[in-house]
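Please treat every number below as a calculation from the coordinates, not as lab data. Note that this is a predicted model, so its numbers are computed, not measured. Glycine gets a Cβ as well: all are built from the backbone with ideal geometry, and neighbour counts include every protein chain shown.
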Amino acid sequence: MVTSLPLQKKYNMLGLKSNTDKSWVIVAENNLEQLLTDHAYAEQKAAGAAVSLIINYSEETEMVQALSAHAIEEMEHFKMVHDIMVSRGMVLGRDQKSEYAKHLSKFFPKTKDRTEALISRLLMAAIIEARSCERFKVLSENLNDSELALFFKGLLESEAGHHTMFLKFARKYQNRKIVDKKWDNFLTYEAEYMNTKGILPLVHG
């Protein structure tokens with residue numbers, strides 16, 4: 001379950017408008033192999049999304065440089081998760097389609113405008129990184145498994161940095177007021193969906 005934040009409270013540093021209830025950690029801890037499998041594929045998908053942006057917007061040199069480093073880091077995280085699984089005798093399971101990402105994509109209208117499409121992809125990446133960071137923080141503070149708690153804590157800074165990077169580029173390629181309004185509406189949309197989650201051992205489940 002994800003609990004809504006009181007309206008009078010300021011949004012947290014990630015901008016998210018809901019917080020994950022600690023009860024989700026029990027679900028995750030009882031299904032660690034599934035959680036880690038989902039996490040591993042989430043890192044792999046993030047790397048793939050970065051490569052896709054590089055291919056489609058190769059003329060944006062600054063972004064290409066940043067995304068090149070980002071893709072490498074995400075694959076490093078994939079290996080870190082897989083190494084933990086191997087050390088525990090776990091096997092990487094099959095990838096599951098992300099209902100979270102599928103739902104998020106419905107927020108943006110289809111467009112043939114390259115800039116609009118880029119902004120949508122950047123904001124989607126930003127919110128996924130923000131929610132991942134929030135979930136990892138909850139895990140780091142509540143898991144009984146001290147090794148995994150420390151591992152997730154070690155990912156917080158990079159996840160938050162990824163979120164900031166994607167927002168920065170969105171604001172670079174389109175008027176900031178327009179982007180910020182779209183971002184705020186997107187955060188509300190995401191929170192409404194996440195208020196129904198917290199029942200599956202998935203990073204965004």
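Some points to look at:
- Tilt relative to the chain, helix 176-194 - C-alpha long axis, 0 to 90 degrees, to 10: 30 degrees
- Residues in the stretch 113-152 reached by a label modelled at Asn185 [backbone nitrogen below 15 Å; 7 Å Cα→Cβ]: 116-117, 119-121, 123-124
- Alpha carbon centroid spacing (whole Å) that separates the stretch 173-205 from the stretch 74-105: 21 Å
- Proximity of backbone amide H atoms, modeled 1.01 Å from N, is registered between Leu16 and no other residue at under 5 Å, excluding neighbours fewer than 5 places apart on the same chain.
- In the frame of its principal axes, the chain has Cα extents of 46, 40, 26 Å, reported largest first.
- Long-range amide H partners of Lys197 with built H, under 5 Å: Val2
- Theoretical FRET efficiency, 1/(1+(r/R0)^6), r = Cβ-Cβ of Asp83 and Asn30, R0 25 Å, to 0.05: 0.65
- For Val64 and Lys110, the FRET efficiency from 1/(1 + (r/R0)^6), where r spans their Cβ atoms and R0 equals 22 Å, is about 0.30.
- Helix 61-87 and the long axis of the chain differ in direction by around 10°, with both axes built from C-alpha atoms.
- Folded to 0 to 90 degrees: helix 32-56 orientation relative to the chain principal axis, Cα: 20 degrees
- With neighbour counts taken as other beta-carbon atoms within 10 Å, the residues Glu147, Glu60 rank, fewest first, as Glu147, Glu60.
- Solution diffusion estimate, µm²/s, Stokes-Einstein, the stretch 77-118, Kirkwood Rh from C-alpha pairs, 4 °C, viscosity 1.567 mPa s: 96 µm²/s
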